[in-house]
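Asker: Structure below; questions to follow.
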Amino acid sequence: NCIMSLSGHSTAIDCVRFGYTEEVVCAGSQSGALKIWDLEAARLVRTLTGHKAGVKCIDFHPYGDFLASGSSDTSLRLWDTRRKGCIFSYKGHTARVNSVKFSPDGQWIATAGQEAVVKLWDLRAGKQLTELVGHSAPVTDVEFHPHEFIMASGSEDRSVNLWDLETFGLIAGGERERAAVRCIYFHPEGDCLFSGTQDHLRVGGWEPVRTHDSLSLGWGKVVDIATASNQLIGASHHGSHVQLWVVDL
């Protein structure tokens, strides 16, 4: 059942993200605007403008009142959700930003670029920390390990790369997936990495790099994966329909 409908955008919505406490939800539109709704009151509380093209990805800061957004205008923007404004605009990508994630300690932001690079940004210094090159096609998703100094990136080149965040070196390029990697997700306890491609789920490990399990699923264009009470939940879309898939872990 649809439990709530939130309106306010005048152009198509390209990305949606819940705040960590699930008290708010933010959506980015093709016009470049971000809107934040209070879920309990079901009302629009903030509109953030500044991007010159569609917003493709959003992430909330793990503990502060901040929000990061990546756009087709190639910029990464950091917003203060209380003061209603853009704090900083980071330039460095040469193509669309496909995914943005804060590190667990809230000090860094990782971005996945359409130009096949991953960039790391230092929030305190307000500048690019490093660029990670290793993919040969657009990078679709980036994920920080919950408590180790490791980051993963998934790409349309059918690979998942693992990066050491102390040396910024490539730990391992995993085995090739069957298709473009659409989304990746570390298990909350950090035991394994899930990667989703069209109609396929892989459970991977590192040290050494190996596949723990591999499943064929009919989920089609999976766009997001998460875990809850020992189950993996995948969300996919087909036409005007959204589908939810559940896998027992």
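Asker: What's the extension gain from residue 88 to residue 230 if we count 0.36 nm per residue and subtract their Cα-Cα distance? Write down the numbers at each step before the final one.
Answerer: Details: separation 142, 0.36 × 142 = 51.12 nm, distance 3.86 nm.
Once the chain is fully extended between residue 88 and residue 230, it gains 47.3 nm.
Asker: Measure off, as a whole percent, the carbon and sulfur share of the 1.4 Å-probe accessible area of the chain, all protein chains present. Don't skip to the end; give the middle numbers.
Answerer: Numbers: 5770 of 12140 Å².
Percent of accessible area from carbon and sulfur atoms in the chain: 48.
Asker: Label-point separation (nm) for residue 207 and residue 18, each offset 7 Å from Cα along Cα-to-Cβ?
Answerer: Result for the modelled spin labels: 3.0 nm.
Asker: What does the C-alpha gyration tensor say about the overall shape of the range 48-156? Classify as rounded when a/c is under 1.5, otherwise prolate if a/b is larger than b/c, or oblate.
Answerer: Details: a/c = 1.82, a/b = 1.19, b/c = 1.54.
Verdict is oblate for the range 48-156.
Asker: Charges only on Cβ, +1 for Lys and Arg, -1 for Asp and Glu: so what's the dipole of the chain about the Cα centre, in debye to the nearest 20? Please list the in-between numbers first.
Answerer: Working: 23 positive and 29 negative charges, 219 e Å.
Charge dipole of the chain: 1060 debye, to the nearest 20.
Asker: Equivalent ellipsoid semi-axes for the range 130-172, as square roots of 5 times the alpha carbon gyration tensor eigenvalues: give them largest first, rounded to whole Å. Present the calculation step by step, with values, prior to reporting the outcome.
Answerer: On the way: eigenvalues 60, 25, 12 Å².
The equivalent ellipsoid of the range 130-172 has semi-axes of 17, 11, 8 Å.
Asker: Now for a separate question. Which of the three applies to the range 112-200, rounded, prolate or oblate, going by the alpha-carbon gyration tensor with a ≥ b ≥ c and a/c under 1.5 meaning rounded? It would help to have the intermediate numbers written out before the result.
Answerer: Values: a/c = 1.91, a/b = 1.31, b/c = 1.46.
The shape class here is oblate.
Asker: Let a ≥ b ≥ c be the square roots of the eigenvalues of the Cα gyration tensor of the chain; is it rounded (a/c under 1.5), or, if not, prolate (a/b larger than b/c) or oblate? Don't skip to the end; give the middle numbers.
Answerer: Numbers: a/c = 1.63, a/b = 1.21, b/c = 1.35.
In terms of gyration-tensor shape, oblate.
Asker: Assuming 0.692 mPa s and 37 °C, estimate D for the range 1-115 with Stokes-Einstein, Rh taken as the Kirkwood radius over Cα pairs, in µm²/s. Don't jump to the answer; show the numbers that get you there.
Answerer: Values: Rh = 14.1 Å.
The Stokes-Einstein estimate is 233 µm²/s.
Asker: Might you tell me the accessible area per residue for the chain, computed with a 1.4 Å probe and given in Å²?
Answerer: Heavy-atom accessible area per residue stands at 49 Å².
Asker: Additional query: Work out the charge dipole of the chain with +1 on the Cβ of Lys and Arg and -1 on the Cβ of Asp and Glu about the Cα centre, then indicate which of 111, 204, 225 is farthest towards its positive end.
Answerer: So the residue we want is 111.
Asker: Of the cross-linked pairs 35/221; 91/119; 35/119, which ones have a Cα-Cα span greater than 21 Å in the structure shown? Can you show the working numbers first?
Answerer: Numbers: 35/221 26 Å; 91/119 11 Å; 35/119 25 Å.
Exceeds cut-off: 35/221; 35/119.
Asker: When the dipole is taken about the Cα centre of the range 26-126, and only Lys, Arg (+1) and Asp, Glu (-1) are charged at their Cβ, what size is it in debye, to the nearest 20? Please report the intermediate quantities before stating the final value.
Answerer: Details: 14 positive and 9 negative charges, 60 e Å.
Dipole of the range 26-126, to the nearest 20 debye: 280 debye.
Asker: Mind jotting down the distance between the C-alpha centroids of the range 12-26 and the range 193-208, whole Å?
Answerer: The range 193-208 and the range 12-26 have Cα centres separated by 25 Å.
Asker: Quick check on packing: order 190-202, 79-91 by the mean number of other C-beta atoms within 10 Å, highest mean leading.
Answerer: Details: 190-202: 20.0, 79-91: 15.1.
Output ranking for 190-202, 79-91: 190-202, 79-91.
Asker: For the range 57-105 and the range 108-171, write down the distance between their C-alpha centroids in whole Å.
Answerer: Each part reduced to its Cα centre gives a spacing of 15 Å.
The values are calculated or read from the model by the stated rules, or taken from the named source; none is laboratory data. Quick caveat, the model's predicted, so the values are computed rather than measured. As a convention, Cβ positions derive from the backbone with ideal geometry for all residues, glycine included, and neighbour counts pool all protein chains shown. Heads up: the accessible areas ignore ligands, DNA and RNA and are worked out on the full protein's heavy atoms, side chains in. Shrake-Rupley method; radii C 1.70, N 1.55, O 1.52, S 1.80 Å.
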